[in-house]
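The values are calculated or read from the model by the stated rules, or taken from the named source; none is laboratory data. Note that the structure is a prediction, hence the values are computed from the model and not measured. For neighbour counting, all protein chains shown are included, and Cβ atoms are generated from backbone atoms with ideal geometry for every residue, glycine included. Each accessible area value is taken on the protein alone, full model and side chains, heavy atoms only, with ligands, DNA and RNA left out. Shrake-Rupley method; radii C 1.70, N 1.55, O 1.52, S 1.80 Å.
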Amino acid sequence: MTALKNDRFLRALLKQPVDVTPVWMMRQAGRYLPEYRASRAKAGDFMSLCMNPEFACEVTLQPLERYPLDAAILFSDILTIPDAMGQGLYFETGEGPRFRKVVSTLADIEALPIPDPQKDLGYVMDAVSTIRRELNGRVPLIGFSGSPWTLATYMVEGGSSKDFRKTKAMLYDNPVAMHLLLDKLAQSVTSYLNGQILAGAQAVQIFDTWGGNLSAAAYQEFSLAYMRKIVSGLIREHDGRKVPVILFTKNGGLWLESIADAGADALGLDWTCDIGEARRRVGSKVALQGNMDPTVLYAKPEAIRAEVARILASYGPGSGHVFNLGHGITPEVDPEHAGAFIRAVHEFSAQYHR
Ligand code: CP3
């Protein structure tokens, strides 16, 4: 494999010294970019982008052509796993993801297969190897998956939800069924992420988008326990390099100490916690990724730059910080503002790495 020309993202995740703070954006390939919208129109729809490795590669690289980003993230979706389990994923324009089949009973869960990454999700593995080849060592490639809990919410609700009514009811009425579903998902996620690592992903992130919606006790039992299990089953070194693991529980700020104990290398932070305080709480256990409110990008470049400076100062000197947004960039953001954000991170952070 080609040597990495820019490895500051991997180095920061392992708390090794860097010249400037690395930066990437969740959902960096997406609808705020006109070139993404053009590729999606060419492909026909969102899933066709994901399922065709050439298209997936094209859109993965688009934000890297515009901005000096320090990492690429595989273009795909977390819902590829439920789709491979036979749920029938589709996207209704303007309505988000939907499933043809929903999971409601213990029998439904018992019947779910555990997907084989090569056979059932081969299009994702092909996208990873295609993107790695085209990146040619420019920056590292991030692979990802949803957390079991987050995937379960979509499978049980049949799509997005505001209150997770069916999923919560199942958790409290039928914890045995919920645990079986989460266990199957944990096995599926482990082999899916290992497949991505073997295909060339150089770091992996687990998106626990809805973990923060659980009670403190339920979070431990129904989300964190399964992420811990996944982390312990992941390939942690490949091609002579460590493969860092990032756990991102949105709204998990109250539980950082226990998330830091789950065995991952880094935690993703949303914008509701102060990153300096988070650093003091997790100590030297993990690196931190985050955590600018994505809506700051609606403001003018001067305000964006001030917010970047504030977050860098809060984290303070030394490595162990990967700059990111606290959640995905939204479709309405002006691409120029994203550029101002990324350049500000590099410009203002050098002083913290001397
Ligand atoms: O970060 C990246 O650039 C990589 C690609 C990526 C996508 N989805 C592409 C996408 C990643 C990492 C995801 C993860 C994902 N998908 C999550 C977890 C992260 C998060 O945002 O909390 C979740 C919950 C999903 C499920 C999902 N996929 C939803 C709810 C939606 C619709 C929401 C929306 O923005 O319309 C999707 C579709 C989706 N996934 C889009 C993209 C670029 C928009 C599809 C389009 O082009 O219309």
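A few comments on the model shown:
- Extending 7 Å from the Cα toward the beta-carbon at both residue 309 and residue 65 defines two label points whose distance is 3.4 nm.
- 3J(HN,Hα) along the stretch 293-306: 4, x, 6, 4, 5, 6, 7, 6, x, 4, 6, 4, 4, 5 Hz, from the Karplus curve 6.51 cos²θ - 1.76 cosθ + 1.60 with θ = phi - 60°, whole Hz, x for Gly and Pro.
- Phi angles across the stretch 325-330 convert, under the Karplus curve 6.51 cos²θ - 1.76 cosθ + 1.60 with θ = phi - 60°, into 3J(HN,Hα) values of 7, x, 6, x, 5, 9 Hz, Gly and Pro given as x.
- Note on residue 281 and residue 302: with the Förster distance fixed at 35 Å, the Cβ-Cβ geometry gives a FRET efficiency of about 0.65.
- The packing ranking, built from the mean of other Cβ atoms within 10 Å per residue, places the peptides 91-99, 331-339, 188-196, 270-278 in the order 188-196, 270-278, 331-339, 91-99, highest first.
- Taking a point 7 Å out from the Cα of residue 242 in the direction of its Cβ, the residues of the stretch 285-304 whose backbone N falls within less than 13 Å of it are 285-288.
- Interchain or long-range residues, amide H under 5 Å from residue 208's placed H: 147, 248, 249, 250
- The stretch 8-353: antiparallel DSSP beta bridges as a percent of all, rounded to 5: 25 percent
- Per residue, in Å², the accessible surface of the chain once ligands and nucleic acids are set aside, probe 1.4 Å: 39 Å²
- For the chain, built as a Gaussian network whose Cα springs stay under 10 Å, the top-fluctuating residue of 105, 209, 80: 105
- Heavy atoms of residue 67 accessible to a 1.4 Å probe, total area in Å² rounded to 10: 20 Å²
- What the phi angles of the stretch 180-190 give under the Karplus curve with 6.51, -1.76 and 1.60, with θ = phi - 60°, is a coupling list of 5, 4, 5, 5, 4, 5, 4, 4, 5, 5, 4 Hz, glycine and proline written as x.
- At an R0 of 35 angstrom, the distance between the Cβ atoms of residue 235 and residue 180 translates into a FRET efficiency of 0.85.
- Highest-MSF residue in the chain out of 173, 45, 208 [GNM, Cα springs under 10 Å]: 173
- Expressed as a whole percent, the accessible area of the stretch 8-353 that falls on carbon and sulfur atoms is 51 (1.4 Å probe).
- Nearest 10 degrees, 0 to 90: helix 53-66 Cα axis against the chain principal axis: 30 degrees
- Relative contact order of the chain, defined on C-alpha pairs under 8 angstrom at six or more residues apart (%): 22 percent
- Near the amide H of residue 289, within less than 5 Å, lie the amide hydrogens of 267, 268, 269, 322, all on another chain or at least 5 residues away, with H placed in the peptide plane.
- Net length available on complete extension from residue 330 to residue 45 is 100.8 nm, with 0.36 nm assigned per residue and the Cα-Cα distance removed.
- Put simply, when 199-206, 113-120 are sorted by average Cβ atoms within 10 angstrom per residue, most first, you get 199-206, 113-120.
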